[in-house]
Amino acid sequence: MRPERFDSWLTVDGKGLYCRPGGFHIDPYGGAKRAIITHGHSDHARPGHQHVLATRETLAVMQMRLGEGAPRGTQAAAYGERIVIGDVAVTLLPAGHVLGSAQVLIEWKGVRAVISGDYKRSADPTCVPYELVPCDLFITEATFALPVFQHGDARDEVAKLLRSREQFPERAHVVGVYGLGKCQRLIALLREAGYERPIYLHGALAGFCALYESFGVKLGELRAATGAKRDDMKGEIVLAPPSAIADRWSRRLPEPMTTFASGWMRVRARARQQGIELPLVISDHADWNELTATIAETGADEVWVTHGREDALLHHIQTTGRRGRALALIGREDEDQ
Ligand SMILES: [Zn+2]
Ligand SMILES: [Zn+2]
């Protein structure tokens, strides 16, 4: 195997991406013997693996989410810690996506491959910022890989939410958020903006908030939305899973203003279709500019694309003189939906 022929030692099999000289999969499905997990979202951290290497935070998320399906053997790696596995060296580095999220650097025979998992470059007070890792092969996602996706500054979106709250003091603002990452980031951004009132949570969000706090992420006063008096909820901010905001669940709230924090809210038609009154463009994924800038900054002359809108990104990769390849991994969905 020639190390610069990446497809000779990084292959895709029935369980996903596999590193042959290391004998492990990265974010596999179907239960693998040995897996490295980039982060705790359900399309990356799947049940049934025998042994998992991940950050401490990701292992804690897997333990909480998977229960019986949590890995039997685990090894925690700190960011930057170089670990030899088989014939390769593996280092986890911050991806800036959610708490504990990591890029996987694999070094073999002098060449460097980086599997970035999901990542973003913009500021997030709830996780360690993305670290640029120079490499020869860069493997990237493509969730928002269209020039139309420009996420902008999340702080402006939070300001919009706070203005709306002042404008409509009789209404509860119900914000749809993904439970792992987006929820805690939005809370932290509200706190950064000076919002000190209690923030109300749908029951499904409490567990991950407690987990974040156990790792030292401060979220301020959180209260259960269930059981709170209707009148007391006027003017309050309530966070709920996206499926609950248009549901009966939110109808118990006073004149709920439906809001959704997602990168997809850039598409106004989509927001309208979902009945979202106040769309907030806040994403934990890289937007088009972040994707293309990151690819250039890594210095990689080969780029593989895992999931999302591969076509536009591959076209960009090829026109900038790099080798590109779509991996078309199955079973990847998008937690931002
Ligand atoms: Zn993710
Ligand atoms: Zn993902």
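Straight-line reach from residue 160: which lysines have Cα under 25 Å away, leaving out those fewer than 8 places along the same chain?
Hits, sequence-local ones excluded: 120, 182, 218, 234.
If one computes the Cα centroid of segment 101-180 and of segment 181-231, what distance in Å separates the two points?
Using only Cα atoms to place each centre, the spacing works out to 19 Å.
Give the range of the longest stretch in the chain that excludes all trypsin sites (Lys or Arg not before Pro) found in loop regions by DSSP and having at most 13 other beta-carbon atoms within 10 Å. Can you show the working numbers first?
On the way: sites that count: 5, 33, 72, 109, 218, 229, 230, 252.
Result for the longest clean stretch: 110-217.
Calculate the translational D of the chain in whole µm² s⁻¹ from Stokes-Einstein, where the hydrodynamic radius comes from the Kirkwood formula applied to all Cα pairs, the temperature is 10 °C and the viscosity 1.306 mPa s. Each step should come with its number before you reach the end.
Working: Rh = 20.6 Å.
It comes out at roughly 77 µm²/s.
In degrees between 0 and 90, to the nearest 10, how far off the longest principal axis of the chain does helix 56-66 point, with axes built from Cα atoms?
It works out to around 70 degrees.
Per-residue HN-Hα couplings for segment 284-301, Karplus 6.51 cos²θ - 1.76 cosθ + 1.60 at θ = phi - 60°, whole Hz, x for Gly and Pro?
Karplus values, whole Hz, x for Gly and Pro: 9, 10, 5, 8, 4, 5, 5, 4, 6, 5, 5, 4, 5, 5, 5, x, 5, 9.
How large, in percent, is the carbon and sulfur part of the accessible surface of the chain at a probe radius of 1.4 Å? The partial results should precede the final answer.
Details: 6690 of 13670 Å².
The value for the chain is 49 percent carbon and sulfur by accessible area.
For segment 44-126, count the residues as N, evaluate 2.2 N^0.38 Å, and divide the Cα radius of gyration by that value, please.
1.13
Relative to the Cα centre, what is the charge dipole magnitude of the chain, using +1 at the beta carbon of each Lys and Arg, -1 at the beta carbon of each Asp and Glu, and rounding to the nearest 20 debye?
Values: 41 positive and 42 negative charges, 112 e Å.
Approximately 540 debye in magnitude.
For residue 206, what charge total do you get from the other residues with a beta carbon under 11 Å from its beta carbon, if Lys and Arg give +1 and Asp and Glu give -1?
Numbers: positive: 223; negative: 213.
Result for the neighbourhood of residue 206: 0.
Need the full-extension length gain, residue 64 to residue 192, defined as separation in residues times 0.36 nm minus the C-alpha distance. One decimal, nm. Don't skip to the answer; put the middle values down first.
On the way: separation 128, 0.36 × 128 = 46.08 nm, distance 2.77 nm.
Additional length available on full extension: 43.3 nm.
Run the dipole for segment 58-156 about the Cα centre, Lys and Arg Cβ at +1, Asp and Glu Cβ at -1, nothing else charged, and hand back the magnitude in debye, nearest 20.
Roughly 120 debye, rounded to the nearest 20.
Which of the aspartates and glutamates could be linked to residue 229 by a straight reach, that is with a Cα gap under 15 Å, when you skip same-chain ones fewer than 8 residues away?
In chain and number order, the partners are 170, 255.
Please identify every one of the GluC sites (Glu not before Pro) in segment 146-249 that sits in a loop by DSSP and has no more than 11 other beta carbons within 10 Å of its own beta carbon. Present the calculation step by step, with values, prior to reporting the outcome.
Working: sites: 157, 166, 170, 192, 196, 213, 221, 236; in loops: 170, 196, 221, 236.
Loop-located and lightly packed - 170, 196, 221.
Per residue, how many Å² of accessible area does segment 55-171 show with a 1.4 Å probe?
Roughly 41 Å² per residue, with all protein chains present.
Looking at the chain as a GNM with Cα springs under 10 Å, which of 118, 311, 13 has the largest mean-square fluctuation?
13
So if I place +1 on the C-beta of Lys and Arg and -1 on the C-beta of Asp and Glu, and nothing else carries charge, what would the dipole magnitude of segment 245-326 be about its Cα centre? I want it in debye, nearest 20. Don't skip to the end; give the middle numbers.
Working: 11 positive and 11 negative charges, 91 e Å.
Here segment 245-326 has a charge dipole of around 440 debye.
Mind checking which aspartates and glutamates have their Cα closer than 19 Å to the Cα of residue 33? Skip sequence neighbours fewer than 8 apart in that chain.
By straight Cα distance, residue 33 reaches 13, 43, 68, 87.
Rounded to the nearest 0.05, what FRET efficiency do residue 326 and residue 221 have when you use their Cβ-Cβ distance and R0 = 45 Å?
Working: r = 46 Å, r/R0 = 1.02.
According to the calculation, E is roughly 0.45.
The values are calculated or read from the model by the stated rules, or taken from the named source; none is laboratory data. The model shown is predicted, which means the values in this text are computed figures rather than measured ones. Cβ coordinates were reconstructed from backbone atoms using ideal geometry, including for glycine residues, and neighbour counts include every protein chain displayed. Quick note on the areas: whole protein, heavy atoms, side chains included, nothing else; ligands and nucleic acids left out. Shrake-Rupley method; radii C 1.70, N 1.55, O 1.52, S 1.80 Å.
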